[in-house]
Structures are given as C-alpha cells and as structure tokens.
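The structure appears right after this line, and notes come after that.
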Amino acid sequence: MRNPLKTSSFHVIQDEISKLAQACFQGCPTIVLGSGASMPHGLPSMGDLSTYLRDNVETEGEAESDAWLLVKTALASGDHLEAALEGKNLPPSLLSKIVGLTWRCVNHKDMLLLEAAASNIDNFPLGRLVVSLLSSTHNEIHLVTTNYDRVAEFACNSKNVLFQTGFAPGYVQKWESTGRVRFTHAGKISRVVKIWKVHGSLDWFRTTDDRIIGLPVFILPEFDKYTPLLVTPGLNKYEKTYEDPFRTTINGADAALKDAQAFLCVGFGFRDQHIHPKIIERCRERNVPTVVLARTLTHEAKEFLMKNAGKNYLGIERSDVGSRVFSANHPDGFEIAISDLWSLDGFNNLVLQEDHMSIFDFNDTETLGSVISVDTTAVTIRVDDLDRLKRLQVNRLAVLQSSKPGQYLIGVVVKITRKPDTREFDEIDTSVDDFVPNDNNLVKITLIGTLLDRAGADKNVFRRTLETVPEIDANCFSLEGDRLTKFMQVISDAKTDGPKLSLGHFTLDDDAIAYLNGNRLFQRHAVIVGSTGSGKSWTTARLLDQISELPQANVVLFDIHGEYRPLRSAAFKHLRIAGPSDIEQKRGLSDGVLYLPYWLLGYEALVSMFVDRSDQNAPNQSMIMTRAIVDAKRLSLDPVKDKEIIENFTIDSPVPFEINAVLKELKDLDGEMVAGSKSGTEKQGPYHGKLSRLIGRLEAKRHDRRLAFLFQPPHECMDMAWLERMVHTISAGRGAQDGNKGGIKIIDFSEVPSDVLPLMVSLIAQIVFSTSLWTNSEKRHPIAIMCDEAHLYIPERMKADSSDAVSVEIFERIAKEGRKYGIGLVVISQRPSEVNRTVLSQCNNVVAMRLTNGDDQSVIKRLLPDSLGSFGDLLPVLDIGEALVVGDASLLPTRVRIAEPKMKPDSQTVSFWDRWNEEDPKSDTRNAVRSWRRQSMS
C-alpha cells in the first residue's frame, strides 16, 4: 500500500482535486452511470446479480442445463457476469429466464428504494447534482446508464426535475421513437434530464402484439403478455440493440457522448462497448474534463484514465486511508484521508454548497426576462411582465444565468425602457403559440463580475471578471430581498489577497460591510473627491482609523489647513512646518516642529524660487547659481571623511552648505572687475551686473520671516546627521519609530505661505520618494502619501518653470513609478477638475462623494471604466457621507455609506442658522489679530 499524502501538501492537493472536479461540473458533464452508482441505494451489484442468477436459475432440458453449466463454471473461476455470459450461445428459453430473474432481482430492491424515497426525498445525491446543473443556461442534461433500475428517475423526482426516457407521460406510456416529447412551461421549453437507458429499464415492455410500452409497475406482469425489455450480458446482447427502443436510445446516447463537454462517470466499469469507445473518442478529440468515481476502479477504468482520458482527468476510488486519487499529475495515484471522496456525495461536496443550495436558488418562474442582445460587457433584457419591470430600479443588481453550472453573472441595471406596443390590436394574432410582444420593455445591464458557488476549496467566490460570455435567451433575475442580503454578505466576507479595509456599509444593504482590498488600494493609487461638506474628510479619517490598527502602518498625510489635528493616538505623529515663533523658541524635531532647510531643495526647485525666467540673464544666473552651490557644498564636506560623497555628489545631493558663501560668490561675480586690454586698466567682468536680480531675490527670501523654516533653520539642521533623523521621522513605519508610535505622520502646512506651498509639499514627497528609491528592496517598507487639498499643489493649469510645475513633475513621477518602490498615492480634493490629469489617470481606485460641479463630474466620469460610465450620473445625487466606490480595491463597484470615524477631523460644516440663534456670543478678535501679525497660531 502506498503511503498516505503528507500533511504539508494536503491542502494543496485538495485544492487541485477540487479544481479538477469543478472544471468537470462547470462543463455541464454528460453523466454516465454504471451499476456502482446504484449500489449505495441498495441496488444489486453485478456480483450480487451473478449470485442471484446462479442460485435461482432452474434449467429445463439438456440444452439449458449444458449452457448454464458453462456460465456457472465461468463464474466460479472468477469471471464477472459480463465475461461469463459473453460468447455463450444461450437457448432462447434460458435467456428468457435470465431476463425474468434479472427483472425480479433488481425490481425488489428498486421497490424498497421507492419506499425510502417517499419518506425522505433528499437522499439522492444525483438529484442534488442535476438540479444544480440545470441552474445554468442549459435546458438539457444528458445521463447515459447501463442500469435497469430507476435510481435516476427517483433522483429527478426528489428535486422536482422533469426527465425523459423516450416514453410519453402516463400510466401506459407510449414509446416515442422520434423523440417528439417536449415539455413546456409559460411558453418556454422546460428543463429536462434526458436519461438514455441503453440496456433497457424495469418499466419497459413489449406486448404480444409487438408494441413497446412503459408500465411503471413493481410486479412483473404475465410473462406471456408482457416481455421485459432488458439487454442482459451475453451473445444476444448486441442483437437486441438493432431494435427499438434500444436502437433509438443508443443513437441518442451516442450523440450525447459525442457532443459532451465533460464526463462524470459514476460506478462505471468501462466494459460496455456501447459507451466506452465513444468516451475515448471524445476525450481524444477534445481533452474534455473527465471524472471517474467508483468504490473500486476496474482495471479497464484505470487503463482508460492512464491511456485515453487526456490530461484533464480525475479518478477516485476508496482506500484504507480514505480515498485514492488518480490524475494526470499523479497517474500512479495517491491516498488522501477523505473517506467519501470516491462517492457522488463526495463529488457534490467538491463542487456544490454544503447546504445543498446556492445563494441564488432562482426558479425559472421568477425570471425578470431573457437576454436578446449581447455586447462586450453589457446585455439587453426583454421583460414580458410589466409588473416586474415597474419594480426594477436603475443601479440595482441583477443576476444572469451562465453557461457554466455553479456560476452566475452579476450586473448593474443602467437603463430601463418602457414603450407601448404600437401595433394595431387587429394586427396581433395572440392565439399563435409563437406570439411575443414587441421588444419594448427593455432593460440594459452592465456586467461587473461572476459569482462562483465553489472555486477550489473556497465557497461563494465573487470575481471582478466575466468567466463566461452571456448567452442569448439566458434568464435574468432581479437581485433583491434575502438573496441580495446573502450576496452582499458574500461581498463583505470575501477573501482577498490582502487585509480587508472597512469603509462602511453598502447602500444596497445596511447589514453588509463594505470592504476594500488594502493592498490594491495603495498599490494602484486612489483618489478621494467630493464637494465641500460631502464627507470627504470623514472618509479620509475613516481610512486612517483602519490604518492606525496595523502594527507597521506607514502613512504621510499632507494636512494643508490643520483639520486633522484632532486625530490623536499612539498610531499618529503630528508634525508641523515651523513658523516664526518656533524659531524664537528654538523648537525642533523632538517638539513636532519640522524645518525644511534650503539645502534640501533640488536644482529645479532652486531655479523656480530664485531665478526669474523672464530675465534675459536667466541662463547665466542658473549656471552661476548652480556652480556656486556645488562649490559651497564641496567646502562643507570633509575631504577625508566625506571622500566618497565628494566624488559622486551633484547639486541635487542633500548636503548642507552655507548660503552666505553662495551669496558672497554671487556678489563677487556681480561686481567683479577684470584687467582691461590696456595695461593698468580695468573692465567689467563677464557677469558684472547680471546677477543683481538673482541676488536680490535670494536675499529677500532669506530674510522673509514667513520662510524662516527654509532659510533660518536651527544649527542642528546644518548637521549631516540631522537629515537621517528627519527622514526616519517622516518615512519609517510605526514599528521602527521610537516606542512603536507614530506610523501615521500628519504634517501640518497651515502656516506655510501659499506661494511656496507647492514647493514645500513636493519637497517632502520628493524626500519620501528618494528615500524609497535608494533603499535596498529587501529593506524597503511601503509608505502611502495622502495629499489633502491636492488641487493646491498638483494643479492642472500651471506656468512653465513655476513652483507648480516643479511640484507636478515630482507627483507625476510618484504616480507613474511609485508602485515599484513601495509608494502609494492617495489624491484628495474637492475640485478634481483642477488636479493634474496625468496624476489622476494613474489612480485606479475612485472614492467619489457628491460632486455638483459639471467639470468635476466629467473628470471623474473619465476615470470610470466605460462599462460603468452611467455610475457617474449618481455623483450629484449622492447623500452626505455616501460615496461611489469603483476600482481595483473594490470587489463590487457600488454606493457605500461611509462609517463614522472614531476620531473626527476639524472640518465639520458649521450650522450657521443654529449658531446665529444662540444666546451666548463668541468672539476672539484680539488673539486672531495677534496670530495674524505673528503669522503663527502657536
């Protein structure tokens, strides 16, 4: 015996088995039943039938005795019944006795099964399987069986599924050799299981006047009047197949096998020459998914699997450990400790829900309508029931049947059309069977994903992709009530490839939590937009709530107006750009005060700040300033200690330097006199008088107290080691910070002058980006940059070479390349139309609150996928605190009601009328003017 599967690979193998079984199920398999499929229901096996015949056949005359002796001898030597009878020329009288005894043997157990079925209709795994297969667009399921019993029929009855065996319904059933029997309901062809009983059935008889009839009886009628139509093993087996009902049944079975998209063989020994060759032919032709289940796989079954089943097969039999499984990856088989995997119940557990019921247990009578038109991602539904059309609402969810069982296409209603029938009444002949109303009651649905009952070991899996293409005439159902609640719960409970981030609850169902995929939200960048007062800041605070619970959180939030000051906990670190009073009181990084010394500025920022591009000397000024700064940086470095830096640094390298040294060099050059052409004479140097405007701009800004954080930093900021401390403070995750506190850094820019705001915000963004860029990938810790009021420093409209242009260039690079270096970007704005288009185009997640401005709405609509363009029409009618969430991080594009954050930002809308109506006055003019003069709130 082979060793059982190791525990370490158990789940991997189980998932592989599940996926192979599900591929078979989703192919809507042709089901092949052998005697092993009936044995779990108490029906006799071929061995039981052999014993029964051996013990009960009573021969008459020498011919019968001699023939039967040969059969008994073969059985005694170990031959199975098929082999024992094969090649034996049995007398007709003996053959008739074998047929009669076979009928009695099987019928006795069949009758007991009927009694059991009457008391417990749920004991048929086959019924559970076929009803699930018929929940797709398929109207027919084909079942081919060599069994005489009525297990398949009982199974269909247990689930109220119609079946056909070739006979018209009734107590005395007429044989319909041309297959004209059709069942219809409400003008549509009913779903049906076609049972092809190639060896006959207990209820098939031939009368003395040579009629073929079906009699649903459990006592054998008089043998001289009704002959059971059973094909027993032996020489005469193939002679009967040329006669009806066998000929038509076998032709139907052959067609079903020839066209099969998958095979599910249960208890079939692969010894029947009517069926076995057709399965081999189809597998060789199409490599269709094939599953073979048996208590014990026969030698012929194993040979079929190894030589003829292709690469997409699964064979399972019982073993001492539980089950032995064969597949293309494991042709010799392996054992797995699951006891019933080899049974039809075990197969059902791999492909169906454990409670036997999908959450979409729709009945065809509940259909909203059927598909009449299919586009790439949209379908048009014709609705015949006006009442159901009236109940339908735009932006609600709908479900369409898929061609794959166990899968359902999910869509959003985007358009409902109701037009009166313009035909004259006397032109309409409503008596004809094929009358249908005009295609006036139409519903357009945009498809957004697929719900799978099972995907590997997972249950109820929603995917943002279309697993199948919608089919014409597929049924469509409105998703509402308990089914909507269950579906939204599936979305809430969905497994993701990352942590789940809760925004709030779905507007469609208040009980279902709206989760985002935390990984994809920041990997693919995001935009949060909304008109003032729509709840944008609350949404941001809600995100920060969720992030603050993570032990290694790492976020930088640019707080332009100081509205996030109330957010305080161990997860938050508040920093603010230094104001004039901070210089006086010598506050530093340890006090939460952040300086951005001039030497951190890169070339483009320096030029935009000091050089007037309209000056005809601007090129010379840029060149000289660059040279002077590089010289000053070199002078500040130690030739020995900083040798490696000296050899490689550029003007963009963050090296402290004395600005006074730069000013001195610029002044010297601006007033420089050089030797003239004549001895003892002087003339103006090449830059004489050409740098005065540059010098003036630099000195003006250097003495501007508003810019003290930039040009008057404390002495500690001029130390090389300071940069490391500052960068660590703003870019390290929570776990790397002192005391494991402050993973979310809120940087307050409220005291930064608006004319330099873009440069300062982009400078910190550039520091974060450069730090990640130059960090070894193995040590790199992901960080998110959240840009509040982004339209102020990432503008769409800007002047060339301005500070806006420098800022935009930096943020464009972060938006395009940040993902590679572990940087996520969240753009937050109340005016998306004023935010740079390139940056917005890189944001694959949209959280849009109410937007009333047409230009803003147009920008967001362009960010939405074409198939969801109609969602943009919701933007002006969203409620306060309600958001439209679309993108890679959102499993379901829909409306979400944002939950109240634990810590609220200082951005609540003021209730003017209520405040004006208060008794107590409020005023603080004195302190306001004082702060205004001091240019500081502190």
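If a residue has to be crowded, with 18+ Cβ neighbours inside 10 Å and either at pLDDT 85 or above or under 18 Å from the mean Cα position of the chain (by Cα) (or both) to count, how many in the stretch 898-922 make the cut?
4
Can you tell me which residues in the stretch 805-857 are closer than 26 Å to GLU778 by Cα, in contact (Cβ under 8 Å) with a residue 60 or more places away in the chain and assigned to a helix (DSSP H, G or I)?
The answer is ALA815, GLY818, ARG819.
Search the stretch 706-729 for residues that are farther than 15 Å from VAL593 by Cβ and pair each with any residue that is open to solvent by 80 Å² or more (accessible area, probe 1.4 Å) and outside any helix (DSSP H, G or I) when their beta-carbon atoms are under 7 Å apart and the residues are at least 6 apart or on different chains.
ARG706/GLN935
If you check THR102, THR73, which single one turns out to be assigned to a helix (DSSP H, G or I) and in contact (Cβ under 8 Å) with a residue 60 or more places away in the chain?
Within the list THR102, THR73, the selection yields THR102.
Determine whether ASP433 is modelled with pLDDT under 90, open to solvent by 70 Å² or more (accessible area, probe 1.4 Å) and among the charged types (D, E, K, R).
So ASP433 fits the description; yes.
If GLY854 satisfies all but one of (1) under 26 Å from the mean Cα position of the chain (by Cα); (2) open to solvent by 10 Å² or more (accessible area, probe 1.4 Å), what's the number of the condition it fails?
It fails just one condition, (1).
Mind listing whichever residues of the stretch 51-69 are surrounded by fewer than 17 Cβ atoms within 10 Å (Cβ to Cβ) and within 20 Å of ARG271 (Cβ to Cβ)?
If the condition is that a residue be surrounded by fewer than 17 Cβ atoms within 10 Å (Cβ to Cβ) and within 20 Å of ARG271 (Cβ to Cβ), then THR51, ARG54 are the ones that fit.
Could you tell me whether the stretch 296-318 includes any residue that is in contact with a Pro (Cβ under 8 Å, 6 or more places away or on another chain), touching a residue at least 12 places away in the same chain (Cβ under 8 Å), open to solvent by 10 Å² or more (accessible area, probe 1.4 Å) and over 21 Å from GLN22 (Cβ atoms)?
Yes - at least one qualifying residue is present in the stretch 296-318.
Out of (1) acidic (Asp, Glu); (2) free of Cβ contacts under 8 Å to residues at least 40 places away in the same chain; (3) more than 20 Å from HIS505 (Cβ to Cβ), what's the single condition that is false for ASP906?
Among (1) acidic (Asp, Glu); (2) free of Cβ contacts under 8 Å to residues at least 40 places away in the same chain; (3) more than 20 Å from HIS505 (Cβ to Cβ), the lone unmet condition for ASP906 is (2).
Residue-wise test of (1) under 54 Å from the mean Cα position of the chain (by Cα); (2) aromatic (Phe, Trp, Tyr); (3) within 26 Å of MET726 (Cβ to Cβ); (4) at pLDDT 90 or above.
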site	(1), (2), (3), (4)
SER608	yes, no, yes, no
GLN621	no, no, no, no
VAL630	yes, no, yes, yes
VAL640	no, no, yes, no
GLU644	yes, no, yes, no
ASP652	yes, no, yes, no
LYS664	no, no, no, yes
MET673	no, no, no, no
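Would you confirm whether any residue within the stretch 630-637 is open to solvent by less than 20 Å² (accessible area, probe 1.4 Å), within 22 Å of ILE810 (Cα to Cα) and not small (Gly, Ala, Ser)?
No, the stretch 630-637 has no match at all.
With within 19 Å of PHE362 (Cβ to Cβ) and at pLDDT 75 or above as the only criterion, which of LYS444, LYS415, LYS459 stands out?
Going through LYS444, LYS415, LYS459 in turn, just one is within 19 Å of PHE362 (Cβ to Cβ) and at pLDDT 75 or above: LYS459.
Given the options MET760, MET718, name the one that is buried (at least 21 other Cβ atoms within 10 Å of the Cβ) and over 24 Å from ALA571 (Cβ atoms).
From the options MET760, MET718, the qualifying one is MET760.
If you take the residues in the stretch 350-381 that are part of a helix (DSSP H, G or I) and either modelled with pLDDT of 90 or more or open to solvent by less than 20 Å² (accessible area, probe 1.4 Å) (or both), which one is nearest to ARG295 (Cα to Cα)?
The selected residue is LEU350.
Do we have GLU115 as among the acidic types (Asp, Glu) and free of Cβ contacts under 8 Å to residues at least 60 places away in the same chain here?
yes
I'd like the residue in the stretch 858-870 that is open to solvent by 10 Å² or more (accessible area, probe 1.4 Å) and part of a helix (DSSP H, G or I) and, out of all such residues, is nearest to ARG396 (Cα to Cα).
Going through the qualifying residues, I end up with SER870.
Quick one: count up the residues across the stretch 759-787 that are assigned to a loop (DSSP other than H, G, I, E, B) and within 14 Å of ILE746 (Cβ to Cβ).
0
Please give the strands (runs of 3 or more DSSP E) falling wholly within the stretch 192-235 in which 1 or more residues are crowded, with 22+ Cβ neighbours inside 10 Å and among the aliphatic types (A, V, I, L, M).
Hits in the stretch 192-235: 192-197, 200-207, 226-230.
LEU305 - would you say it is of a type outside the set (D, E, K, R), in a helix (DSSP H, G or I) and either under 34 Å from the mean Cα position of the chain (by Cα) or under 21 Å from GLN14 (Cα atoms) (or both)?
yes
Any chance you could count how many residues in the stretch 319-333 are of a type in the set (Gly, Ala, Ser) and open to solvent by 10 Å² or more (accessible area, probe 1.4 Å)?
Of the residues in the stretch 319-333, 3 are of a type in the set (Gly, Ala, Ser) and open to solvent by 10 Å² or more (accessible area, probe 1.4 Å).
Can you give me the number of residues within the stretch 269-296 that are in a loop (DSSP other than H, G, I, E, B) and under 38 Å from the mean Cα position of the chain (by Cα)?
5
Please go through the stretch 560-586 and give me each residue that is open to solvent by less than 30 Å² (accessible area, probe 1.4 Å), farther than 25 Å from VAL896 by Cα and of a type in the set (D, E, K, R), ordered by number.
Within the stretch 560-586, just ASP582 meets the criteria.
Counting just the residues of the stretch 247-262 that are over 13 Å from ILE275 (Cα atoms) and assigned to a helix (DSSP H, G or I), which one comes out least open to solvent (accessible area, probe 1.4 Å)?
The selected residue is THR248.
Taking helices (runs of 4 or more DSSP H) that do not extend beyond the stretch 624-737, which have at least 3 residues that are charged (D, E, K, R) and closer than 22 Å to VAL752 by Cβ?
Fully inside the stretch 624-737 and qualifying: 692-702.
Anything in the stretch 30-50 that is in contact with a His (Cβ under 9 Å, 6 or more places away or on another chain) and open to solvent by less than 20 Å² (accessible area, probe 1.4 Å)? List them, or say none.
THR30, ILE31, SER50, listed by residue number.
Could you list, in sequence order, the residues of the stretch 608-621 that are open to solvent by less than 10 Å² (accessible area, probe 1.4 Å) and not aromatic (Phe, Trp, Tyr)?
Within the stretch 608-621, MET609, VAL611, ALA618, GLN621 meet the criteria.
In the stretch 875-896, how many residues are crowded, with 18+ Cβ neighbours inside 10 Å and either of a type in the set (Gly, Ala, Ser) or over 21 Å from the mean Cα position of the chain (by Cα) (or both)?
Qualifying residue count for the region: 8.
Can you find a residue that is crowded, with 19+ Cβ neighbours inside 10 Å, of a type in the set (Val, Ile, Thr) and under 21 Å from LEU20 (Cβ atoms) anywhere in the stretch 270-277?
no
Evaluate the following for ILE528: is it open to solvent by 10 Å² or more (accessible area, probe 1.4 Å) and among the hydrophobic types (A, V, I, L, M, F, W, C)?
Judged against the criteria, ILE528 is not a match.
Kindly establish whether GLN737 is over 30 Å from ARG831 (Cβ atoms) and either exposed (fewer than 15 other Cβ atoms within 10 Å of the Cβ) or polar (S, T, N, Q) (or both).
yes
The values are calculated or read from the model by the stated rules, or taken from the named source; none is laboratory data. Computed from a predicted model, the values in this text were never measured in an experiment. Cβ: placed from backbone, ideal geometry, glycine included. Neighbour counts: every protein chain shown. When the accessible area is computed, the model is the full protein with side chains, heavy atoms only, and any ligands, DNA or RNA have been set aside. Shrake-Rupley method; radii C 1.70, N 1.55, O 1.52, S 1.80 Å.
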